[in-house]
Amino acid sequence: ALAMSDIKKQPIESPLTAPDEYDYDSSDDEDIRNTVGNVPMHWYTKYPHIGYDTEGRKLMKPDTGDQLDDFMAKMDDPEYWRTVIDPKTGQRIVLCDEDVQLVKNIVRGRVPDPNVDPYEDHTDWFTSDTMATPVTAHPPSKSSFVPSKWERLRVGRMVHAIKMGWMLTGEQRAEARRQREAAARGDNANRFYDIWDRQAGDEDEAIRRKLPYIRPPKKAPPTHYESYNPPEEYLFDDEELEKWRNQEDYERRVNFVPTKYAALRRVPAYPGYTSELYERCQDLHLAARVVRHRVSMDPEDLLPKLPAPRDLRPFPHLRVLQYLAWPEEAQDSQQPLPITACSVDPSGQWFAASGAGGRLAVFELTTGYRAWSAQLESASEGGLVSATWNPCADRPCIAAGGAGSGRVYLVATDRCDRLLASRFAEAWATTSGEQQQQQQSAAIWTILSTEASANGAAITKSRTLATVQLPTAQGGVKQLAWHRQGDYFLTVSDSGSLLVHRLTTRSSQSPLGGAGKKAATAAVCCAQFDPVKPVLYVAEKARIQVYDLAKLTKLKTLKPNARALSCLSVHPTGCHLLAGSLDSRLAWFDLDLACTPYKQLRIHTDGVRQCVVHPSLPLSASVSDDGSCLVLHSRVYADLLENPLLVPVKRLRGHQVGSVGGSGIVRVTACDFHPRLPWLVTGGSDGRIVFYSS
Amino acid sequence: TSSAASLQAAPSKMTKMKKKFTRGEATTFISRKQALKRLQLSLNDFRRLCILKGVYPQEPVNRRRVNKGSSTPKVYYHLKDIQFLGHERVMQKLRDIKAHLKKAKRAKERGEMHTVDRLQRNFPAYTLDHIIRERYPAFEDAVRDLDDCLCLCFLFSRLPKERGVPVEQIRLSARLTVQFLHWVIAARALRKVFVSIKGYYFEADVNGVSVVWSVPHQLGLHDPADVDFKILRTFNDFYTTMLGFVNYRLYSSLGLAYPPALANEVDPSDYCQTGEAHEEFMASLNQPLLSRRGGEAEGNPAEPDDFPDEEAEGAEAASAARRKARAQQRLFNGCRFFLNRETPRQILCFVIRSCGGEVSWSPLSGPGSRYPESDQRVTHQIVDRPLGDSRLSGRAYVQPQWVFDCVNSGSLLPTGDFAPGLPPPPHLSPFAAYSADDADGGDEAAQLPYSATRSAPPDPVELRRPSAAAELEEEDDYEAEDAAKRETAAADAAQVGKQQKKQKKPSVVAEGTQRRTQDAKQAAAEERRLREMMLPKKHKQLYKKMVFSRKRQARESAQLAEKKQKRQRTA
């Protein structure tokens, strides 16, 4: 290997004699003998070789001697200071003077190569001096002698902007700055002028919001509570303060605690002042505005204009008598059994009452004297329901149904004109003799009393004439109603089937279909005969069917808007119907008008048990589980164009007063009017009977 | 052929099926989100625009129909309102501002200070003059909306300067409110004053419209955490513009120069800088203003005309109000007041001068003093602390409340009750009726002269926010309150009368009468109950509400009366 130092030490000769540098220095890969590449050479310190040649042979490290040799060299060799080791070959190389100079220059931060002059004179080839002939041969561009289009456009835009007032000139800018500074001092009051100097014109209209402006409501004016020195009573006491603290914001009547300050100078700023104003501002722009026509009216004005009850007299309003129907029963049991029905006789002197204890009794209306009483059914069977006096005076008898047994008792009564009684007894005896067994009847008639007295005259004493046993499948009797002429009566049973019974023939039939045929209607709740026409009103659970009995057709269906009908009552003209329901409603139907109620009355707070229309006076009454009996003035006009007048005139609470035992409300279960006078009898669940007169 | 023809004709008879929610309410209203999209605005800018333009949400008749069958709670605007907003030129300015800020930020971050400077110089500014004209086509419309404007401007004028509100806005508000107060003084338009724990309430008669505003107490205004001052600032922007124009108009109507100038040269002396002298002396409210002709403006109160209009309803009350107003305008004529330094100077000066009095204070407490304490002609000195023996003769020493109560009553009250050191009589709100309904309330009624004030008429508009339903109920009831109070007061008066009558008669007869009246009462109550039963379902709810609020009112006033009696007994 040729040491570099050897070459460098040779004197520099003329280029002609100088050796070609490529002879000894090469960067070609072939000439680099060690092929390890650019890796840290200390990897090879542990090995005897220092890399590989192009043939893959190991290049052995040259012998560099030990430390002693090194020391000797240091001592002896004058070139030692400029000797370095080539890491690629491991050989020592002695640097020449130029190399040393190079290193020194680098260390001192000078230009490494001493032959390079950094401050050489600049030769200005492309001078600013115009030369006779150009350096380059480019022809001059057009833009160099034509005014700039883009500049023109830009200036044009600026001029336009200044004209339009979008851009400010220097002077204007100065003026604007002056104004801004004035504004900063809060001194731009000069800018205001009379903005309302002219009337609103068309151009204003064109830009105006078209919808009507809803002015926001004013804030509520301050009350005495807010005063810094309020009257004493406006301050909170401890209890009120506690209540106020426990309330939510929206519950509070005032949003602060009223406070009294001894002097004005002690009043501090209110902590919520800004927040309240902020709330208001929020309301102004976030809250929907609604115009609500708030009528500043008296609630009195909303109430319907009705004639005063005192102008609608007479009506029952005085509690005249109140007594237990069966005092002995009350003694037996702690809780008196309720009255199930009241019925006044056609003469108006007597009335019959049936009880849940199975007793039937006849009382004198005005005195409460019990003229007759009998135990027809046992209480365990369910007692008697719906005792009803035959409305025809010629047939003085009472019908009552057994609630459990399904048996109807026909009871002849002697509490009437004796002549009528005897005539009826005779007729009964003769007909029962003739037609005893010939009928195909839907119910079983058992004649109990047909025998004449010893002298041939019929017995006129009160006694049970006959019983009618409904088919067992139908259950007990729920309701019973007489036809006005007193020959027919109908029974509604628990199962909801309806039977019509006839006295003269002692037969029963099912007008709506029944035995054998499929029932034409749903379960019947109650039913009534029309007092004038051959029409039957049958109340189902939520509708009322009207049947023509002569043609055996359905006339119409009434819809009372109730869910559990409980009672019906037909006006004596047959043109109106009153229906009560267990969902505490009362519906008045004008039958000529519509199938929907003329008036829906919610006058009770609990189920209506019975309603009656007075046979001759413009009165009706309803009794309810809420313990009251409501008397209505119900005037019907002959003029068909005029609506009936319905005015509640009195709420009777006779059963509430002095009721014995029992907690809770005494239900009123039965009522009936006197046939001619404005008198009313009611029976209640406390076993009492109350008689009201006008 | 006829059948064929009919077959051919059939399709033409068929109409296209109408799509649901393509007409009617569903297209009349637009939700806020839709509105934002339509206007290409951010929510903040939209709010700002709504505030400036006075656009508010609307309540559709049927929310489901508007919201395509869904009942999600949404805020609805009328489509026309949104279209109307779309034509607003301020909207473009808002967009410009947004772009401008972006540019400025970018330039600043790049360190291009020259660009920042240029952008700052050309910051897009807008004025709201056209919106004022558009929202209030007539001056009267603006006056009617002045309540909120004044409240907010007075609040801003008293804000401390470090609250994130630009100083110029605060100073502008202060200047404009002072100008307005000057007008009230010059027009002698003050009608009611009330010192509440929240602040001072004033009512002024501005061109026949009563304007109510409140001013917070001066000391220690709290810094609320829950208030977004951006919104308040937007409102204030609009309101200051509005108040400026209103002031201009009011000043011209009185013949005063605008912008206002002081009639007399003021001596800034040692108490303020010369540059601020004008403003300071204006704010003292104790200097007459320059009229247009150049002289000192005469106090020329707008005399309410008294037309004898007997047919009009409430003519009696109206003429009584006019008489009272005239009395208030001349209330303090000839009185010279001196204010001690612990009293609220600006408020008292405003009130006294609005009623024709003269005011001064110690020159040490602030500019605007006109005569010294030792002035012999001083008739009243207002003091708000216990006073020693250092009293000057020939003048009455009163507490500040005397001034306010005098204005409310329209007459000079005896000063003895308001002497310093004594607890003054209760200060009642002139905005609410007070019923001194106790049997022994006679002498008190003399002291408390507000029993005959009229109450505010019911306001038919509601601001409905979903959460504010309860508040509205309250509002409802407050209105009913007055009516009920009046009623109970009347009833109680009748009762008292009856009792007095009864006492004259022998006891047996009285008992009989009592029973009879009781029976009659019961009968009436029952009759009423029967009529209530016949109420149609349509009216039942309304009726129940009305009766409920009345009953509550009656109960509350009864509680108040009871408390009063109890306190009197213990005292």
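All of the numbers you see were taken from the coordinates with simple rules; none came from a lab. Just so it is clear, the model here is predicted, and its values are computed rather than measured. Positions of Cβ are backbone-derived with ideal geometry, glycine not excepted, and every protein chain shown enters the neighbour counts.
The table that follows gives values for the structure above.
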| item | result |
| --- | --- |
| Diffusion constant of region B:125-227 at 10 °C, which comes from Stokes-Einstein with the Kirkwood Cα-pair radius and 1.306 mPa s, µm²/s | 105 µm²/s |
| Calculated over region A:472-579: convex hull of Cα atoms, volume per residue (Å³) | 102 Å³ |
| Dipole magnitude (debye, nearest 20) for chain A, charges at Cβ of Lys, Arg, Asp, Glu | 6880 debye |
| √(5λ) per eigenvalue of the Cα gyration tensor, region A:550-627, largest first, Å | 21, 15, 11 |
| Of A:219/B:537; A:46/A:88; B:521/B:563, pairs whose Cα-Cα distance is over 22 Å | A:219/B:537; B:521/B:563 |
| Sites residue B:517 and residue A:257, calculated FRET efficiency, Cβ-Cβ separation with R0 35 Å, nearest 0.05 | 0.25 |
| Radius 14 Å from Cβ of residue A:395, net charge of other residues (Lys, Arg +1; Asp, Glu -1) | -1 |
| Region A:228-287: trypsin sites (Lys or Arg not before Pro) falling in loop per DSSP and having at most 16 other Cβ within 10 Å | A:252, A:253, A:260 |
| Förster radius 51 Å - calculated FRET efficiency between residue A:146 and residue B:105 (Cβ-Cβ, nearest 0.05) | 0.80 |
| Kirkwood Rh and Cα Rg combined as Rg/Rh, region A:41-108 | 1.06 |
| Directionally averaged projected area (convex hull, Cα atoms, region A:565-694), nm² | 7.6 nm² |
| Projected area averaged over orientations for region B:323-418, convex hull of C-alpha atoms, nm² | 5.8 nm² |
| Folded to 0 to 90 degrees: helix A:149-164 orientation relative to chain A principal axis, Cα | 40 degrees |
| Neighbouring partner chain Cβ atoms per residue of B:538-546, average, 10 Å criterion | 3 |
| Sorted by Cβ neighbour density within 10 Å, fewest at the top, the residues B:564, B:545 | B:545, B:564 |
| Amide proton proximity set for residue A:387, modelled H, under 5 Å, gap of 5+ | A:341, A:354, A:401 |
| Ascending count of other beta-carbon atoms within 10 Å, so fewest first, for A:369, A:323, A:225 | A:369, A:323, A:225 |
| Base-10 log of normalised Debye intensity for region B:25-87 (one unit scatterer per alpha-carbon) at q = 0.16, 0.18, 0.21 Å⁻¹ | -0.47, -0.59, -0.79 |
| Computed FRET value (nearest 0.05) for residue A:430 with residue A:600, which takes r as the C-beta separation and R₀ as 35 Å | 0.10 |
| Net charge over other residues, Cβ less than 12 angstrom from the Cβ of residue A:374 (K, R count +1; D, E count -1) | +3 |
| Sites matching trypsin sites (Lys or Arg not before Pro) across region B:9-90 that sit in DSSP coil, with at most 14 neighbouring C-beta atoms within 10 Å | B:16, B:18, B:19, B:20, B:23, B:68 |
| Summed residue charge, Cβ within 15 Å of residue A:548's Cβ, Lys/Arg positive, Asp/Glu negative | +3 |
| Helix-derived mean residue ellipticity, 222 nm - over chain A, DSSP H n ≥ 4, -39500 (n - 2.57), to 500 | -5000 deg cm²/dmol |
| Lysines with Cα under 19 Å of residue B:19, excluding same-chain neighbours fewer than 8 positions away | B:68 |
| Contour minus Cα-Cα distance for residue A:83 and residue A:211 (0.36 nm per residue) | 35.8 nm |
| Rg/Rh for chain A, where both radii come from Cα atoms and Rh is the Kirkwood radius | 1.59 |
| At most 11 other Cβ within 10 Å, DSSP loop - trypsin sites (Lys or Arg not before Pro), region B:119-224 | B:161 |
